[in-house]
Amino acid sequence: MEACTECPGALVRLPVCDSTNTYAKAHAARLAPFGAVYTTSQTAGRGRLGRAWVNAAGQALYYSVLLAGPMAQPETLPQLASLVTARALARRYGAAPQIKWPNDLLLGGKKITGILCESTETPAGRVWIAGIGINLAQPQDYFDAAGLPHGTSLALAGLAVDLAADPAALAAEMSAGFARARADFAARGFAPLRADYKAACVNLGRRVEFAGPDGPRAGTAVDVDADGRLVVETDGGAVQVFTGEVSVSGIYGAL
Ligand code: BTN
């Protein structure tokens, strides 16, 4: 286990693992109250909605952080994770990714990061895990072969990626970011993040579509409220969206 210079939490590096989220759950007692694990190769990576997360061995960073203890708004962990990741990419690369609500990070309108948040009960209490996959240096061929037309990597976006140094440095940067944010997040939830999150949120001012209880709904995204919900102005008034897929006009091929 490596020590993170800026934070008290553990930072475990694995040459390969099944899924860093699965590892964090299995080793929750060791990582709690705050710790992280990372690798550059996952054999059973997991995405949202039960999907698999394709492995790009050696060309991506797979990182999971575990947070334990009382949490004011754990349902907004995806928003925290996306903001911490965006800040880490800004610090290391000077990048300014946009956030597609709730948590995809985009460069040039394409996805560079996916986030899967999970929670589990342990003998020491409930823990929350944010798993983050960052596309570092996959070439275009990789996305073509994987059938991921809306994916890209930092290298493809024109950033100088050093695959020897960046996974460890970025993982440490991420842990430092979570360490800085975690006390405030645990106590106050999304509110302290809201202004920065909104400044990066690509949905705002755009036409969006989402699943309503009676079928698809559409409108203009106008706000992200204090509870992290996307506020959409529809013909029938304002609607707060908290779960499900939201498509954004002009992003990922949506009209
Ligand atoms: C998505 O579907 O967009 C979320 C993808 C999340 C992938 C990351 S990679 C690190 C962590 N380990 C996993 O198995 N999944 C998450």
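Over the range 147-255, what lengths in whole Å, largest first, do the semi-axes of the equivalent ellipsoid take, defined as the square roots of 5 times the eigenvalues of the alpha-carbon gyration tensor?
With the √(5λ) rule applied to the range 147-255, the semi-axes are 31, 22, 11 Å.
Note on the range 1-112: Cα-only Rg and Dmax are 14.4, 40 Å.
Neighbour counting of Cβ atoms within 10 Å sorts the residues Val16, Val37, fewest neighbours leading, into Val16, Val37.
Peptide packing for 83-95, 50-62 was compared via the average number of neighbouring C-beta atoms within 10 Å per residue; ordered from the highest value, the list is 83-95, 50-62. I want to verify a result. In a Gaussian network model of the chain, Cα cutoff 10 Å, which of these has the top mean-square fluctuation: Pro33, Pro167, Pro102? Between Pro33, Pro167, Pro102, it is Pro33 that shows the largest mean-square fluctuation.
Please report the projected area of the chain's Cα convex hull averaged over all directions, in nm². Before the final figure, lay out the partial values.
Working: hull surface 53.0 nm².
Averaged projected hull area, Cα only: 13.2 nm².
Take the Cβ-Cβ distance between Asp18 and Asp227 as r, set R0 to 51 Å, and report the resulting FRET efficiency rounded to the nearest 0.05.
Efficiency computed from Cβ-Cβ geometry: 0.90.
Considering Cα pairs under 8 angstrom that are at least six residues apart, work out the relative contact order of the chain and quote it in whole percent.
Numbers: 530 pairs, mean separation 44.5, N = 255.
It comes to 17 percent, rounded to a whole number.
Whole-Hz Karplus values for the range 187-194 come out as 7, 10, x, 6, 3, x, 9, 4 Hz, taken residue by residue from phi with 6.51 cos²θ - 1.76 cosθ + 1.60 and θ = phi - 60°; glycine and proline positions read x. In the Gaussian network model of the chain, springs joining C-alpha atoms below 10 Å, which of Asp104, Asp196, Asp235 carries the largest mean-square fluctuation? Largest GNM mean-square fluctuation: Asp235.
Here the Karplus curve 6.51 cos²θ - 1.76 cosθ + 1.60, taken at θ = phi - 60°, turns the phi angles of the range 87-94 into couplings of 5, 5, 5, 5, 5, 7, 10, x Hz, with x standing for Gly and Pro. Other residues whose C-beta falls under 14 angstrom from the C-beta of Arg126 contribute a net charge of -2, scoring Lys and Arg +1 and Asp and Glu -1. Think of each Lys and Arg Cβ as +1 and each Asp and Glu Cβ as -1; about the Cα centre, that makes the dipole of the range 1-133 roughly 320 debye.
Annotation: lysines with alpha-carbon distance below 23 angstrom to Lys100 (same-chain offsets under eight excluded): Lys110, Lys111, Lys198.
What does the charge add up to near Ser64, with Lys and Arg as +1, Asp and Glu as -1, over the other residues with Cβ less than 11 Å from its Cβ?
Around Ser64, the surrounding residues sum to +1.
Here, each number is a calculation from the coordinates, and none is a lab measurement. The structure presented is a predicted model; accordingly, all values stated were derived computationally and were not measured. FYI the Cβ positions are ideal-geometry reconstructions off the backbone, even for glycines, and counts take in every protein chain you see.
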